[in-house]
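Colleague: Dropping the structure in here first, questions after.
The values are calculated or read from the model by the stated rules, or taken from the named source; none is laboratory data. This one's a predicted model, so the numbers in the text were calculated from it and none came from an experiment. Every residue, glycine among them, receives a Cβ derived from its backbone with ideal geometry; neighbour counts consider all protein chains shown.
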Amino acid sequence: MRTNGFALFRGESAPAMAQASARRVGRYAREVLVGTDGEFGELDGARLSGRKEVALAYSLERGGFPLVHGYVDGATSPGGEFSLLGKGAVGFYGARDQLGTRGLWTVRSGPGAGSIASDYRLLSGAAVLLPPGTIYANKKVRKVAREPEEGPGALSFEEAARRLASLLEESVRRRVEGQERVAVSFSGGLDSSLLALIAARHTEVVLCSAFARGARDERQSEMAAALLGLKLETALLDEKTLAKMSRQAELPPGEATVMDKALWCIYSTTSKLAEGRKARMILLGQLADELFGGYMKYALKAKEDGGAAAEKMMREDVRACADRGFLRDEAACSASCEVRFPYADGGIASFASGLPLDYKIRGGERKAVLREAALELGLPEELASAPKKAAQFSSGAAKLLRAR
């Protein structure tokens, strides 16, 4: 059963925890289901009475186990973007995808110890985030067995770009397959423009952009949408609206930065635009910079401390996305529509990790191989060469939040 969030509550207080969580998420979930022994239905306290294991899901579809938050690609060796709750011969288990695009939390001790949730908001105790690429069963964590991915081998720059283009095409196709309409959170830069271009070959696409008056994204998104020939929906961000949204943001545990608040506001706004255009899914461009050297800090690190130091920084940033970035952005969108991250694909990440640094940062150009792949796929030169500017700055959202 595909869900927007799930939990398994354990212990004597499992029924009470399930009912409390159902009330908590009911204000933003379309449908909340509770289940025992694989049978799911509406909340019924009498049916839950005496149970020591109760599952809860706010649902995209009805069914039984496993509960999947995100989507699983492949039955025998699961890939995709997911956290899931399954039930096997030895009981319940949880799993998280290799890149950590969805959360998987547990309560280690006290009431509800051993409970599992894909959404920390479902757990009332102190929740611990489990690492990406792990299975949690019998209160123990182990790494998911992973089949070896195809590496780049000794490819020329041009061959690597063509291979990357193929991987990107396939990643986007798998994620939008079966959708009548898909939205792209759109800035008009390389990453979102490339997703829009590919997605439009497989389904109807609407571009959704949020920015402050006069910000770079106001001009860039309009120009890029015209070049792509796609419909653009926009929303203006102002100081008062941003302040209210940032106060109401339900960010993952940890200190919230201006960047966190700005990105929450941007993605919650673009996902609402998507919902208004009846798009049930929105694509975000996260991880393109970390995989392909998009940030200036990588080029500076390579210049000051060498390529190995820059590559280490990039690997650490990829891992850090699992601890906060993906969770923040997925939560920002989830009240309106399902989010998917096509760059956060196992095949793409594995391929990127094997590329030499000078394919990514090449002659002063960052994300060089991704830009070449974009041209290979037919993205207009103006968009393939668009300079990188982080969304919180290009939208003007960070500037307005700092002004308060």
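Colleague: Please pick out the residue among 300, 284, 357, 291 that is under 15 Å from residue 195 (Cβ atoms), of a type outside the set (Asp, Glu) and more than 12 Å from the chain's Cα centre (by Cα).
Modeller: Exactly one of 300, 284, 357, 291 is under 15 Å from residue 195 (Cβ atoms), of a type outside the set (Asp, Glu) and more than 12 Å from the chain's Cα centre (by Cα), namely 291.
Colleague: Turning to a different aspect of this structure: Given the structure, is residue 212 surrounded by 15 or more Cβ atoms within 10 Å (Cβ to Cβ), closer than 19 Å to residue 392 by Cβ and in contact with a Leu (Cβ under 6 Å, 6 or more places away or on another chain)?
Modeller: When the stated conditions are applied, residue 212 passes them.
Colleague: Residues being modelled with pLDDT under 95 and touching a Leu at 6+ places or on another chain (Cβ under 8 Å): count how many of those fall in the range 330-344.
Modeller: 4
Colleague: Restricting to the range 348-374, what's the tally of residues that are in a helix (DSSP H, G or I) and either surrounded by 17 or more Cβ atoms within 10 Å (Cβ to Cβ) or in contact with a Lys or Arg (Cβ under 6 Å, 6 or more places away or on another chain) (or both)?
Modeller: Qualifying residue count, the range 348-374: 15.
Colleague: Out of 173, 102, I need the residue that is of a type in the set (Lys, Arg), in a loop (DSSP other than H, G, I, E, B) and at pLDDT 95 or above. Which one?
Modeller: 102
Colleague: For the range 324-332, check the following and say yes or no: at least one residue is in a helix (DSSP H, G or I), of a type in the set (Gly, Ala, Ser) and surrounded by fewer than 21 Cβ atoms within 10 Å (Cβ to Cβ).
Modeller: For the range 324-332, residues in a helix (DSSP H, G or I), of a type in the set (Gly, Ala, Ser) and surrounded by fewer than 21 Cβ atoms within 10 Å (Cβ to Cβ): absent.
Colleague: Here is a further query. Is there a residue being in a helix (DSSP H, G or I), free of Cβ contacts under 8 Å to residues at least 40 places away in the same chain and surrounded by fewer than 23 Cβ atoms within 10 Å (Cβ to Cβ) anywhere in the range 283-299?
Modeller: yes
Colleague: Look through 27, 51 and report the one residue that is modelled with pLDDT of 75 or more, surrounded by fewer than 22 Cβ atoms within 10 Å (Cβ to Cβ), outside any helix (DSSP H, G or I) and on the phi < 0 side of the Ramachandran plot.
Modeller: None of the others qualify; the one that does is 51.
Colleague: Would it be correct to say that residue 265 is more than 22 Å from residue 236 (Cβ to Cβ) and among the hydrophobic types (A, V, I, L, M, F, W, C)?
Modeller: Considered against the rule, which asks whether it is more than 22 Å from residue 236 (Cβ to Cβ) and among the hydrophobic types (A, V, I, L, M, F, W, C), residue 265 comes out as no.
Colleague: If you don't mind, another one. Identify the single condition in (1) in contact (Cβ under 8 Å) with a residue 60 or more places away in the chain; (2) under 30 Å from residue 355 (Cα atoms); (3) out of contact with any Ser or Thr (no Cβ under 8 Å at 6 or more places or on another chain) that residue 279 does not satisfy, given that it satisfies every other one.
Modeller: (2)
Colleague: Assuming residue 107 fulfils every condition listed in (1) buried (at least 24 other Cβ atoms within 10 Å of the Cβ); (2) without any contact (Cβ under 8 Å) to a residue 60 or more places away in the chain; (3) of a type in the set (Val, Ile, Thr) apart from one, which condition is it?
Modeller: For residue 107, the failing item is (1).
Colleague: If you don't mind, there's one more thing I want to ask. In the range 237-276, which residues are charged (D, E, K, R) and touching a Ser or Thr at 6+ places or on another chain (Cβ under 8 Å)?
Modeller: Residues satisfying the conditions are 261, 272, 275.
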